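The structure appears right after this line, and notes come after that.
The values are calculated or read from the model by the stated rules, or taken from the named source; none is laboratory data. Values in this document were obtained by computation on a predicted structure and should not be read as measured data. Cβ placement follows ideal geometry from the backbone for every residue including glycine, while neighbour counts extend to all protein chains displayed.
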Amino acid sequence: MMMKVYVINKNGNPLMPCKPAKARKLLRDGKAKPVKLVPFTIKLTWDCEENVQPVTLGIDKGSKISGYSAIANGEILMSGYINHRTDVKKKRETRATNRRQRRSRLWHRPPRFDNRASSKQSGRLPPSIKANANEIIRVVNKLPLPITSIIIEDVLIDIARLNDPELKGSAYQKSNRLHENLRLATLLRDDFCCQQCGVKNT
């Protein structure tokens, strides 16, 4: 990937990136000024036309690391990855434990287990997944590119079937990742429906 210098116009809207030589000339002539070091971004000091090309951003979402790449006319304009936080669940558990201990020392505080609005919301996301999603949104909003479309790769993969497409039933027990494969096989068999209440997890 050729090195690029990212450009924003006088109003702060992203434009198409340019080559380092052109950026040096703009800076030398006083027609631009640097506004960000990583990634290196310059801001134009004069009004110009906003003729931009369609830029597609692809995101490969993962639980610990998410990768992204921006492409225009078959050329990679930017690529990178996001290291997600892995301590959200542990910190939430510590916070809840400290809160329970704190409230247990004060008798005048009645229990309020039924007042958790977040646990009653429909379609609520777990804190760790929500934190990862918000992190991706924050990074995308800060990219200095005129993004016109976003493609997110979020697929469900049966790991055991990659090696044996005809895998069925007890054959899952021969894997060294037994706990994961059996759980996934059960979810796929039941079409993600609860066998007790019939609610489908979408």
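Odds and ends about this structure:
- Matching entry among 66, 79 (being touching a residue at least 60 places away in the same chain (Cβ under 8 Å) and touching a helix residue (DSSP H, G or I) at 6+ places or on another chain (Cβ under 7 Å)): 66
- Selection within the stretch 41-74 - surrounded by 12 or more Cβ atoms within 10 Å (Cβ to Cβ), charged (D, E, K, R) and more than 21 Å from the chain's Cα centre (by Cα): 43, 50
- Across the stretch 152-193, the qualifying residues are those that are loosely packed, with under 12 Cβ neighbours inside 10 Å and within 30 Å of residue 14 (Cβ to Cβ), and the one among them that is modelled with the highest pLDDT is 153.
- Looking across the stretch 114-151, the residues that are at pLDDT 80 or above and of a type in the set (S, T, N, Q) come down to 128, 132, 134, 141, 148, 149.
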